[in-house]
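A.B. asks: Structure below; questions to follow.
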Amino acid sequence: MKTAVKSFFIPVLLMFALVIFSACGSNEASEEPSDNNTTDEVSSTQKDQSVAVEIPPFEEYVKQIRGGSFIKKAELKNGVVTVEYYGDYEEYKKDKPESNVSSDQFYSYWGGHQQTQKRLEMNLAKGFTESLRLARMYPDKIDEIKMVIPARGKTYEFEATRSELEQFFGIDMKTLNEAYKQGDSSLSKYIDPVVYEDEKRKQFLESFVNEQ
């Protein structure tokens with residue numbers, strides 16, 4: 001009798017243990033963190049090991065700047081960067097039929113859902129301060145940056161030389177480039193005041209942006 005009971009319970013216990021083990025493995029997999037790195041973030045491993053960060057080709061990096069999926073044209077030629085964004089949704093969808101972006105999402109990206117002037121100016125500042133990221137990445141190749149953002153039926157054109165950006169932000173691009181290579185990639189202390197402080201944002205837009 002005892003032998004029969006043992007032979008019955010041993011397989012049951014083994015099956016129960018297997019179920020618990022499988023469930024634990026499933027939970028661990030579901031809790032694995034996702035990759036949320038942004039354009040300029042450097043992994044903690046790279047920072048800890050003090051490994052020099054490799055600078056990607058311009059053609060690759062420019063796709064990662066703000067609004068990269070809406071870029072119509074981007075080139076670096078003879079020291080001049082030109083970045084032009086789509087302004088017409090139909091043209092955008094014609095060139096990128098695989099995109100799931102809706103018309104509302106497209107037009108509100110720069111114009112904003114609230115349709116206020118302040119929101120527009122903040123979004124433009126976010127877009128045009130990407131010039132600082134580009135100049136920081138390629139200080140020996142970039143002399144001037146031109147960017148065009150169509151929004152709310154108007155066209156906003158940004159134009160600045162590398163030296164003008166250095167003077168406005170009080171920085172040296174080559175120094176920032178070396179810092180980036182060593183893992184110090186953040187430019188928020190320069191960009192955030194332009195985006196979020198009214199006076200600084202006004203000064204930046206008036207210095208480098210023309211409305212057409």
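A.B. asks: At pLDDT below 95, over 22 Å from Ala160 (Cα atoms) and basic (Lys, Arg): does that describe Lys47?
C.D. replies: Working: at pLDDT below 95: yes; over 22 Å from Ala160 (Cα atoms): yes; basic (Lys, Arg): yes.
Considered against the rule, which asks whether it is at pLDDT below 95, over 22 Å from Ala160 (Cα atoms) and basic (Lys, Arg), Lys47 comes out as yes.
A.B. asks: Taking Lys189, is it under 18 Å from Val53 (Cβ atoms), assigned by TED's automatic domain parsing to the domain that holds Asp88 and charged (D, E, K, R)? Before the answer, list the steps.
C.D. replies: Values: under 18 Å from Val53 (Cβ atoms): no; assigned by TED's automatic domain parsing to the domain that holds Asp88: yes; charged (D, E, K, R): yes.
Considered against the rule, which asks whether it is under 18 Å from Val53 (Cβ atoms), assigned by TED's automatic domain parsing to the domain that holds Asp88 and charged (D, E, K, R), Lys189 comes out as no.
A quick yes/no check of all residues on (1) of a type outside the set (Asp, Glu); (2) surrounded by 12 or more Cβ atoms within 10 Å (Cβ to Cβ):
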{"site": "Lys94", "(1), (2)": "yes, no"}
{"site": "Trp110", "(1), (2)": "yes, yes"}
{"site": "Gln117", "(1), (2)": "yes, no"}
{"site": "Leu120", "(1), (2)": "yes, yes"}
{"site": "Glu130", "(1), (2)": "no, yes"}
{"site": "Asp143", "(1), (2)": "no, yes"}
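A.B. asks: Do the conditions hold for Tyr89, that is, is it farther than 18 Å from Tyr138 by Cβ, surrounded by 12 or more Cβ atoms within 10 Å (Cβ to Cβ), in contact with a strand residue (DSSP E or B) (Cβ under 8 Å, 6 or more places away or on another chain) and at pLDDT 95 or above?
C.D. replies: Criteria not met by Tyr89.
A.B. asks: Here is a list: Lys141, Lys174. Which entry is basic (Lys, Arg) and in contact (Cβ under 8 Å) with a residue 40 or more places away in the chain?
C.D. replies: Working: Lys174 fails: in contact (Cβ under 8 Å) with a residue 40 or more places away in the chain.
Answer to the selection: Lys141.
The values are calculated or read from the model by the stated rules, or taken from the named source; none is laboratory data. What you are looking at is a predicted structure, and each value in this text was computed from that prediction instead of being measured. All Cβ positions, even for glycine, are placed from backbone atoms using ideal geometry, and neighbour counts span all protein chains on display.
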